[in-house]
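Just below is one structure, and these are the notes that go with it.
Rule-based calculations on the coordinates, nothing more; no lab input. Being a predicted model, the structure only gives us computed values, none of them experimental. We place every Cβ from the backbone using ideal geometry, glycine too, and count neighbours over all the protein chains shown.
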Amino acid sequence: MTYSDGTKPTVDQMAKDVSAFLTWTAEPKLENRRRAGLATIIFLLIATGLAYMSYQNIWADKKKAA
């Protein structure tokens, strides 16, 4: 096996390559799910911040009056 960057093929490197390939064949859509999960977390954090700010804006006057 030859590598495009000139890396010498060693048993350790070949084992890593086989492991990476087997991981990819088991879960080919794993990277897409991770990206979607990260986007979801970011969206939820932003939505939570906006909801908190609107809560503060709506109830600020009511808490002062009580």
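Between the helical axis of 11-26 and the longest alpha-carbon principal axis of the chain there is an angle of about 50 degrees.
Once the Cα atoms are used to define both axes, helix 30-65 deviates from the longest principal axis of the chain by about 10 degrees. The fraction of all Cα pairs in the chain landing in successive 5 Å bins from 0 to the largest distance is 3, 13, 10, 10, 9, 9, 8, 7, 6, 6, 5, 5, 4, 3, 2, 0, given as whole percents. Of the trypsin sites (Lys or Arg not before Pro) in the chain, the ones in a loop by DSSP (not H, G, I, E or B) with at most 11 other beta carbons within 10 Å are Lys29.
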